[in-house]
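The values are calculated or read from the model by the stated rules, or taken from the named source; none is laboratory data. Note that this is a predicted model, so its numbers are computed, not measured. We place every Cβ from the backbone using ideal geometry, glycine too, and count neighbours over all the protein chains shown.
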């Protein structure tokens, strides 16, 4: 009876050791020692697994030993460094295949890109004092804008048009309620008649959305826009009507003939020409320029009369602007500022047209 008791105790002890090994508690199956008892040897990391070998459930696998041939390791599994506990199946791990170029299982979304090919400031007009006269110099600014959109004026020429704004529809679906619309400032080659546009790593890229209408007005004037002249400026801001689209509001940095401005809560809208459209007409860009930003933006010296002056200097209601003595009322607007504030400034309205262009990107 005493011998049977000792044998039973030995069996229970052996089972406890075996269970400890199966649970990965670091007990050596040969002598029951912990890693501290084996000179710091780590017996919990599991066996070294060789591809093509077969680990059967319940098999005896010595920690740190090479698994014998016959172990089943699925192709694509991550074998190196993987901990396989004795008595467990090796799970299949599928590794994605990375390829250069399009994948056949991923659909390619067609892109239709429209580049702005005419651009002009419609409201507010710009004024500057020349002696006793207060001149409307809006046409001078618009000439600069036109040159930037249609020409490579850098010296020496860099081969690109100076100002390019592209709306990329992904895809263009005029019958859908909304389209994905990316607003991009890419590099577009000169001359304009054969221009091709490329988005580079340095290009401004804003993911946006276009909302389509078949009838009605897609983008209107802000109700808080100041009344600047009586009668109103000519030509007035164009309002896109159906079939048309308008973008969501976004802060849009623009280089307008060398004047660096951020149009806050900017929206873009235009009327489609054709189905599918190949041109946009009655286009309007609407955005708010804060008085602080306008004071900081300096007009390039190349602009006649006003070069070197703050942009606010030529806007009605700006500091030292001569138009304050004319028949102007409520010349300064209120609009969105930093951090959700409402501040002084001007809602700018720019008229444009656009046409489809070849477009590529990384």
*Can you pull out the residues in the stretch 186-202 that are within 13 Å of the chain's Cα centre (by Cα) and either free of Cβ contacts under 8 Å to residues at least 60 places away in the same chain or outside the structural domain of residue 159 (by TED's automatic domain parsing) (or both)?*
202
*Any residue in the stretch 122-134 that's in the same structural domain as residue 283 (by TED's automatic domain parsing) and farther than 13 Å from residue 306 by Cβ: show its pairings with residues that are loosely packed, with under 11 Cβ neighbours inside 10 Å and at pLDDT below 90 at Cβ separation under 7 Å, as long as the two are six or more apart or on different chains.*
122/235
*Would you check if there is a residue in the stretch 309-324 being surrounded by fewer than 21 Cβ atoms within 10 Å (Cβ to Cβ) and at pLDDT 90 or above?*
yes
*asked:* I'm trying to understand the selection: among the residues of the stretch 141-178, which are part of a loop (DSSP other than H, G, I, E, B) and closer than 16 Å to residue 112 by Cα?
replied: 164, 165, 170, 171, 172, 173, 174, 175, 176
*Hand me the list of strands (runs of 3 or more DSSP E) wholly inside the stretch 208-280 holding 2 or more residues that are assigned by TED's automatic domain parsing to the domain that holds residue 297, touching a strand residue (DSSP E or B) at 6+ places or on another chain (Cβ under 6 Å) and surrounded by fewer than 17 Cβ atoms within 10 Å (Cβ to Cβ).*
250-256, 259-274
*Tally, over the stretch 113-140, of residues that are assigned to a strand (DSSP E or B) and in contact with a strand residue (DSSP E or B) (Cβ under 8 Å, 6 or more places away or on another chain)*: 17
